[in-house]
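First comes the structure, then the notes that go with it.
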């Protein structure tokens, strides 16, 4: 049985997204930027973020990188199951991720991206959770630092459950 403990409220998320959007808007002003959301987890964060950003030349695409499946630990093997569909050549790319945990999935994708010839690549994540970090990732825009715990809500799931929740919770196991 599981119990959910509130970690980050809906209001805290909204406030932090406005702050991130302000910084991103300033940094990318006058540039062609493609926001790439990592499916499925980042879709809610990406939607709220791009609505708060003030940029004229903004494009959005998605990539799906499978590594977790229905487990609570990464398999260590990453596969692209949905690739970007728009050209990234000579554009600035902002990878939007829900959570960076082990770093394996994002590290893999960052190594693949150069083949698309982007002008630059930066990383924005909602949650930086280094508890199980295996690969160091440079994070340019960080929403929240949460040192540990299995988190769900606001796009984050456990076996496809809890994604719809408007805040972020830690799953606590109850016997």
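Worth pointing out:
- Mean Cα-pair separation over length for the chain, i.e. relative contact order, pairs under 8 Å, 6 or more apart, %: 27 percent
- Length available on full extension from residue 23 to residue 173: 0.36 nm per residue minus the Cα-Cα distance, which gives 50.3 nm.
- Ordering 141-154, 33-46 by mean Cβ neighbour count within 10 Å, with the highest value first, yields 33-46, 141-154.
- Judged by the mean number of other Cβ atoms found within 10 Å, the most tightly packed of the peptides 114-122, 86-94, 100-108 leads the ranking 100-108, 86-94, 114-122.
- Eigenvalues of the alpha-carbon gyration tensor of the chain, scaled by 5 and square-rooted, set the equivalent ellipsoid semi-axes at 26, 19, 13 angstrom, largest first.
- Using alpha-carbon coordinates, inclination of helix 10-27 to the longest axis of the chain, degrees: 20 degrees
- Amide N proximity, the stretch 147-175 versus residue 81 label position 7 Å along Cα-to-Cβ, cut-off under 18 Å: 155-164
- Seen against the Cα atoms of the chain and their longest principal axis, helix 43-52 is set at about 50 degrees.
Every number in this text was worked out from the coordinates using simple rules, so none of it is lab data. Since we're looking at a predicted model, the values are computed, not measured. Counting neighbours? That spans all protein chains shown, and the Cβs are built from the backbone with ideal geometry, glycine included.
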